[in-house]
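The values are calculated or read from the model by the stated rules, or taken from the named source; none is laboratory data. All figures in this text were calculated on a predicted structure; none of them were measured in a lab. Using ideal geometry, Cβ is built from the backbone for each residue, glycine included, and neighbour counts are taken over all protein chains shown.
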Amino acid sequence: MALKRNKSKFVNDRLAYLEDNHLYRKMRQVVVQGTTANVDGRNVIHLCSNDYLGLAHNPKILRKAANALKEVSQCSSRLIAGNNPQLSELESSLASHRKTEAALVFPTGYMANLGVVTALADKNSTILSDELNHASIIDACRLSGATIKVFRHNDVEHLEEIMRKAPGRRIVITEGIFSMDGDLSKLGEICKIAGEYEALTVLDDAHGDFVFGQDYSGVASYLKAPVDVHVSSLSKSLGCFGGYVAASASTIELLINISKQFIFTSALPSHLCVAASEAINLAKRGGLQEKLHANIAFLKERLEDEGFIIGNSSSQIMPIMIGSENTAMEFSTELLRAGVFAQAIRYPTVKRGSARLRLSVTAAHAKGQLGQAVEILQAVGKKKKIVS
Ligand code: PMP
């Protein structure tokens, strides 16, 4: 009995700590309807989706995925009995999209990061990681057993300084577009320094993939940066689900042989592979990206005109910087009541005291909808003294 009480005390104390510090998280009921959503029973403008190209509700993709669902799922890992032909088709289009020799699909982008970093780094390696890298990269670095050196966000001088002293094999890892700030990595300079020190480069391009670069092949192409290993998610611009690594054929061969997150888990179901392959075809045609970039320019200008501080955002991700966790939560809740769904982002997703609303605009938003959202943001922002 005493043991039981102790156990729940630990849980209750942790929950109380989160509540006291405005860090408690609660899930809302959300039914996404494209650029609008029903959130806890209220229909609102959806401004926090990662469906950047608006493909998640594309009828052609949904039809193809529904047809593929008629087949029995493989219920197995890839190396046992799960390697269906749709996976290989998807991987070959992902490899040609990223202009690499090969690609490998993982069940999620999170697992792709764990799988690739633990395969490429060990206790004799040093990983140099941007301080704003995603939680999956941080976990991946820790799991690999490598020495971890964190460089200040996008600070190439700091990177070089720690690179000079780094022992063993060196691996640099960064994001293309940073997920909570929406700014662009200094990938060209990072790859130059990596080249000088013979360091391997790993890029998590979850948010730049299919949005930037020649043929929309991502931030490495956009900045003409010779990245060695590309990681991305199928659940952002493609509007699907899953993750992948694109790299040399030998790197992919190594992942198939030693990556636990590939070996000891079930294969991505066929209907998701079919959906992702169709989404790639549609994304590669262009057009959607033109709409997205026009919407980015429009929303950025309108937000800045109203006095919102959106940091160094140069993409579809626009953080409205607040600072206090409590104010960010209150702002988000009042916005929802007024008709805009924009989630507050707090520690540990971002540093303490740097809470924000993370807005994301998509190709599917109509200009009128964005204008209406800015009016609501401005009215609530004034009330909460975020803008004057
Ligand atoms: N990397 C980055 C930069 C991300 O933002 C995310 C998702 N938020 C992931 C990886 C994980 O991708 P997934 O959702 O496919 O697991």
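Numbers for the structure displayed
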quantity	calculated
From I256, I252, I310, residue being outside the structural domain of E196 (by TED's automatic domain parsing) and touching a strand residue (DSSP E or B) at 6+ places or on another chain (Cβ under 8 Å)	I310
Answer residue from the stretch 102-124, given it is assigned to a strand (DSSP E or B) and away from the ligand (no atom under 12 Å from the Cβ) and is surrounded by the most Cβ atoms within 10 Å (Cβ to Cβ) among those	L104
Near pairs, Cβ below 7 angstrom, 6+ apart or cross-chain, from the stretch 222-239 (outside the structural domain of I177 (by TED's automatic domain parsing)) to any residue that is of a type in the set (F, W, Y)	none
Condition met for G218 (touching a Lys or Arg at 6+ places or on another chain (Cβ under 7 Å), within 16 Å of the ligand (Cβ to nearest atom) and either modelled with pLDDT of 95 or more or assigned by TED's automatic domain parsing to the domain that holds S185 (or both))	yes
Matching residues in the stretch 233-254 - criterion: being in a loop (DSSP other than H, G, I, E, B) and not aliphatic (A, V, I, L, M)	S235, K236, S237, G239, C240, F241, G242, S248
Residue among A328, A338 that is touching a residue at least 24 places away in the same chain (Cβ under 8 Å) and within 16 Å of A379 (Cβ to Cβ)	A338
Odd one out for A247, checked against (1) closer than 26 Å to A119 by Cα; (2) surrounded by fewer than 21 Cβ atoms within 10 Å (Cβ to Cβ)	(2)
Leading residue by the ranking (surrounded by the fewest Cβ atoms within 10 Å (Cβ to Cβ)) among those in the stretch 255-307 that are among the aromatic types (F, W, Y) and assigned to a helix (DSSP H, G or I)	F298
Test: K99 is away from the ligand (no atom under 14 Å from the Cβ), out of contact with any Lys or Arg (no Cβ under 6 Å at 6 or more places or on another chain) and either aromatic (F, W, Y) or not assigned by TED's automatic domain parsing to the domain that holds R152 (or both)	no
Residue list for the stretch 362-374, restricted to those being surrounded by 15 or more Cβ atoms within 10 Å (Cβ to Cβ) and assigned to a helix (DSSP H, G or I)	Q369, L370, A373, V374
In the stretch 47-90, the residues that are under 30 Å from A338 (Cβ atoms), within 16 Å of the ligand (Cβ to nearest atom) and of a type in the set (A, V, I, L, M, F, W, C)	C48, L53, L55, A56
Given (1) free of Cβ contacts under 8 Å to residues at least 60 places away in the same chain; (2) part of a loop (DSSP other than H, G, I, E, B), number of the condition F210 does not satisfy	(1)
The one condition in (1) under 22 Å from A220 (Cα atoms); (2) among the hydroxyl-bearing types (S, T, Y); (3) outside any helix (DSSP H, G or I); (4) touching a residue at least 60 places away in the same chain (Cβ under 8 Å) that S93 fails to fulfil	(3)
Per-region count, the stretch 354-373, residues out of contact with any strand residue (DSSP E or B) (no Cβ under 6 Å at 6 or more places or on another chain) and either small (G, A, S) or within 18 Å of H293 (Cβ to Cβ) (or both)	11
Residue satisfying condition, being outside the structural domain of R169 (by TED's automatic domain parsing) and among the polar types (S, T, N, Q), within set N67, N113, N84	N67
The stretch 136-187, residues that are of a type outside the set (D, E, K, R), within 28 Å of L359 (Cα to Cα), more than 16 Å from the ligand (Cβ to nearest atom) and crowded, with 19+ Cβ neighbours inside 10 Å	F151
Conditions (1) buried (at least 17 other Cβ atoms within 10 Å of the Cβ); (2) not assigned by TED's automatic domain parsing to the domain that holds E334: number failed by T35	(2)
Check on Y24, of a type in the set (F, W, Y), touching a helix residue (DSSP H, G or I) at 6+ places or on another chain (Cβ under 8 Å) and surrounded by 16 or more Cβ atoms within 10 Å (Cβ to Cβ)	no
